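S.K.: Here you go, one structure.
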Amino acid sequence: MDKAILVGIDLGKYNMEYSLEELENVASALNIEVIEKITQRLDKPNIKTCIGSGKVQELKNIVQHTNATMVIFDEELTPAQIRNLEKELDTQIIDRSFLILSIFAERAKTKSAMLEVSLAQQKYLLPRLVGMRSSLSRQGGGTYNAKGPGETKLELDRRVIQTTISKTEQAIKKLDIQRKVERKARTINRVPLVSLVGYTNAGKSATLNTLIKHLELDSNLVYEEDVLFATLDTTARRISKNGYPDFILSDTIGFLTRLPHEFINSFKSTLKEIENSDLIIHIVDGTSKEKDLHIKTTKSVLKDLNCEHINSLEVYTRLDLINDKNDLDGFWISNKTNENIDLLINHLYKNIFGEIIIVKLRLPYNKQNIVSELNAKTRVLDTQYLNDYVYLEVKMFQKQLETYKDYLYSYNNSK
Ligand SMILES: Nc1nc2c(ncn2[C@@H]2O[C@H](COP(=O)(O)OP(=O)(O)OP(=O)(O)O)[C@@H](O)[C@H]2O)c(=O)[nH]1
Ligand SMILES: [Mg+2]
């Protein structure tokens, strides 16, 4: 197991304590044990070594007197800083971005996630080749970051990486086109898209699974786990409930504060789905002491993805773990006890499809297919076969009427 010393730099720009805590979580998810943390308050990072020379000596002392195998900086380091620090400390130097990208490399399972992680890693590595050459070539086989596109890392030739980058980009583009076709098919069928977004480990996948189970849908459950970045891809499920219109519910990657630029850029095609959402469900771990920061982080990533304007619903999970439920603000659910899940489902339909209305429709007999559809997707209160027409009294959502407006006979506003 690798043992690491974390270095936090307080530039007064973000909550350093919490940033370090996140970094430690990412490290432990990669099986790296954090044995020591040191911090320094700085106005700006030192050009040569990020931290000041006194701190470098302090760090050197710790490295020499512990069994640390690496030092992880909670800031993005320049190639020169990596080189200088390595020389000074004679150990492996890693920064926040590299660590985050490593966990993505380890978690990626699907083709598109693997391509996107690999692209992010290559883009990160390219400008750092000089600095990281010694560190990477020194690594033995067992080191965690030898995973993923590790073989290319060792080739470490700028041109090789550049060629790989353009190949990866092409492959991603191809998948992107495929996705666009699927998306277009959905637009034609007008099935609304709802996206689950939020901080990593908030309970997005669990919420999707709860809905699949609660509505007894014939779909596979998605992977949920109490680890960081359990989900690295977009998985969509069609939510089809008897008497209600269908919608697509899509689960995606979780966010972290200060995500590396390479990440956002490379994951754009996976995250692009969110841009087409009719509704965003922003899932928040209600028990986290940092939930405000998580909400802020998610909102800022959504802004980067041009999704600010999309209607969004904040949902707090883990209601089952709250003792005093009286003073809770916001909308809470439990994926363990299913508390408020029916309410969530109603909320979703109302947000996507509008208010419930009761209308009378008149259809010619040759439109039996639409009569069957109405029976499946709305709640038919009364059916009468008279003369040349079928008259149906139907309870449906406002937006569904769009599909059946040609058959509208009368409008009844009372519910
Ligand atoms: N007690 C309790 N646990 C929950 C609840 N919701 C989710 N969890 C658990 O929290 C852990 C994380 O849930 P996930 O659904 O995997 O979280 P996620 O948001 O998909 O996380 P990433 O995919 O890593 O971004 C899992 O172990 C869930 O079973 C809840 O309402 N109550
Ligand atoms: Mg998940």
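Coordinate-derived values only; no laboratory data. Everything quoted here is computed from the prediction, not taken from an experiment. Neighbour counts are summed over all protein chains in view; Cβ atoms, including those assigned to glycine, are modelled from backbone coordinates with ideal geometry.
S.K.: Would you compute, for the Cα atoms of the chain, the largest minus smallest coordinate along each principal axis and list the three values in descending order, in whole Å?
M.R.: For the chain, the Cα extents along the three principal axes come out at 93, 53, 34 Å.
S.K.: Rounded to whole Hz and in sequence order, give me ³J(HN,Hα) for the stretch 270-282 from the Karplus expression 6.51 cos²θ - 1.76 cosθ + 1.60, θ = phi - 60°, writing x for Gly and Pro.
M.R.: 5, 7, 4, 3, 4, 4, 8, 6, 8, 8, 10, 9, 8
S.K.: Once amide H atoms are built 1.01 Å from N in the peptide plane, which residues 5 or more positions from F255, or in another chain, come under 5 Å H to H?
M.R.: Long-range HN contacts for F255: G198, Y199, T200.
S.K.: Using the basic label-point model (7 angstrom from Cα toward the beta carbon), what is the L175 to H261 distance in nanometres?
M.R.: 2.3
S.K.: For a bin width of 5 Å, list the pair-distance distribution of the stretch 239-319 built from all Cα-Cα distances, rounded to whole %.
M.R.: Answer for the stretch 239-319: a P(r) of 3, 12, 23, 23, 19, 12, 5, 3, 1 percent.
S.K.: Sequence-distant or interchain residues sharing an amide H contact under 5 Å with F247, placed H: which?
M.R.: Amide H neighbours of F247: I239.
S.K.: Please report, in whole Å³, the volume per residue of the convex hull around the C-alpha atoms of the stretch 257-415.
M.R.: On the way: hull volume 26.3 nm³, N = 159.
Measuring per residue, one finds 165 Å³ for the Cα hull of the stretch 257-415.
S.K.: Would you look at the GNM of the chain, springs on alpha carbons closer than 10 Å, and say which of V181, V197, V117 moves the most?
M.R.: Among V181, V197, V117, the largest GNM mean-square fluctuation belongs to V181.
S.K.: What does the net charge come to around E216 if you take all other residues with beta carbon closer than 14 Å to its beta carbon, with K and R at +1 and D and E at -1?
M.R.: Details: positive: K213, R237, R238, K241; negative: D218, D342.
Value of the local net charge: +2.
S.K.: Semi-axes of the equivalent ellipsoid for the stretch 176-242, please: Cα gyration tensor eigenvalues, times 5, square-rooted, ordered largest first, whole Å.
M.R.: Numbers: eigenvalues 102, 59, 18 Å².
Working from the Cα gyration tensor, I get semi-axes of 23, 17, 9 Å.
S.K.: For a quick check of your reading of the filter: which chymotrypsin sites (Phe, Trp or Tyr not before Pro) in the stretch 202-309 sit in a DSSP loop and have no more than 16 other Cβ atoms within 10 Å?
M.R.: Qualifying residues, ordered by number: Y223.
S.K.: Something else: Ranking T317, T383, T257 by Cβ neighbours within 10 Å, fewest first, what do you get?
M.R.: On the way: T317 24, T383 13, T257 18.
Exposure proxy ranking, most exposed first: T383, T257, T317.
S.K.: Quick one: work out the % antiparallel among DSSP beta bridges in the chain, nearest 5.
M.R.: Around 45 percent of the beta bridges assigned by DSSP in the chain are antiparallel ones.
S.K.: With springs only between Cα atoms under 10 Å apart, run a GNM on the chain and tell me which of E355, E275, E22 wobbles the most.
M.R.: Checking each option, the largest mean-square fluctuation is seen for E355.
S.K.: For the stretch 354-412, what number results from the quotient of the Cα radius of gyration and 2.2 N^0.38 Å?
M.R.: Values: Rg = 10.4 Å, N = 59, 2.2 N^0.38 = 10.4 Å.
Against the compact-globule rule of thumb, the ratio is 1.00.
S.K.: For the chain, with a Gaussian network of springs between Cα atoms less than 10 Å apart, report the residue from N326, N209, N84 with the top mean-square fluctuation.
M.R.: The residue that fluctuates most here is N326.
S.K.: Per Stokes-Einstein, at 4 °C and 1.567 mPa s, what whole-number D in µm² s⁻¹ belongs to the stretch 25-88, with the Kirkwood radius over Cα pairs as the hydrodynamic radius? Don't skip to the end; give the middle numbers.
M.R.: Details: Rh = 12.7 Å.
Estimated via Stokes-Einstein, D reaches 102 µm²/s.
S.K.: Filter the cross-link list K336/K399; K299/K325; K109/K184; K3/K272; K204/K296 down to pairs whose alpha-carbon distance in this structure exceeds 28 Å. Walk me through the numbers on the way to the answer.
M.R.: Numbers: K336/K399 32 Å; K299/K325 26 Å; K109/K184 26 Å; K3/K272 37 Å; K204/K296 17 Å.
Over 28 Å apart, Cα to Cα: K336/K399; K3/K272.
S.K.: Now, a different point. If amide H atoms are built 1.01 Å from N in the plane of the peptide, which residues on other chains or at least 5 residues away come under 5 Å of the amide H of E314?
M.R.: H282
S.K.: Which ³J(HN,Hα) values in Hz, rounded to whole numbers, follow from the phi angles of the stretch 285-293 under the Karplus curve 6.51 cos²θ - 1.76 cosθ + 1.60, where θ = phi - 60° and Gly and Pro get x?
M.R.: These are the phi-based 3J(HN,Hα) values: 6, x, 8, 6, 6, 9, 4, 5, 5 Hz.
S.K.: Given a Förster distance of 22 Å, report the FRET efficiency between K111 and E308 from their Cβ-Cβ distance, rounded to the nearest 0.05.
M.R.: Numbers: r = 30 Å, r/R0 = 1.37.
Plugging the Cβ-Cβ distance into 1/(1 + (r/R0)^6) gives 0.15.
S.K.: In angstroms, what radius of gyration and Dmax does the stretch 190-352 have, counting Cα atoms only?
M.R.: Looking at the stretch 190-352, its Cα Rg and Dmax stand at 14.9, 45 Å.
S.K.: Grab the other residues whose beta carbon is less than 13 angstrom from that of C307, score K and R as +1, D and E as -1, and report the net. Kindly include the intermediate steps, with their values, before the conclusion.
M.R.: On the way: positive: K268, K272, K299, K303; negative: E273, E275, D278, D304, E308.
With Lys, Arg at +1 and Asp, Glu at -1, the neighbours total -1.
S.K.: Taking neighbour counts of Cβ atoms within 10 Å as a proxy for exposure, in what order, fewest first, do L99, L328 appear?
M.R.: L328, L99
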